[in-house]
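Only the coordinates and a few stated rules stand behind these numbers; no lab work does. The model shown is predicted, which means the values in this text are computed figures rather than measured ones.
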Amino acid sequence: MANEMEIIDQEKIQYIVVKIGGEQYGLNISYVDNIVRMQKITRVPKAPHYYVGVINLRGEIVPVMSVRRKMGLEDDVYTNKSRIIILKLENLGLIGIIVDEVKEVINLGESDIDRNVSNANRRADANYINGIGKDGDELVSIFEISSIVGEVETA
C-alpha cells in the first residue's frame, strides 16, 4: 500500500519553462496547443489594454495578449527569441500569449512545487502564480492559467 502512495505522489507533470523579463515561469503543457514565432499582430479597437491584437493561425483568428501588460510589467520587447504560445482552453478556445523566450520542458511532481506563495504577495505577478517549482537549482514560478487569461482585472 505504501508503494502505491509513493508512485501516485511521484506522478510528474510537464511544464514549458518560458522567460518573461528576468523571471522564469512554467506553463502546464496540457494547456499548450502550439508555439509559433512572432508574426504580424493585427490590432483590435477597444480591446483591453493587455490584448495586443489577433493573428491568423492556419485560417483561425486567435487573440493574442501580452502577459507583461496583464501583470503590470514593462512593455514587451520583441527579439528573435520572442514567441507566441497558443493555449487551448475549454471555455475560451485558442488564445495566444507573448513570451520573451521558450527555454525547455521540465517534469515536476507535486513534491517539487511549493504552493505556499502567499508570502510573495508583494510581487507584481503574485495573483497569477499558484506555486514555485524547484528544478534542480532553478526556481520556476508556475502560472495559474485561468488568472492569466481571465477577464478579471486585478488592481
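Taking 22 Å as the straight-line reach from the Cα of Lys88, the lysines in range (excluding those fewer than 8 positions away in the same chain) are Lys12, Lys19, Lys40, Lys70, Lys103.
For the stretch 128-142 versus the stretch 90-110, the inter-centroid distance based on Cα atoms is 14 Å.
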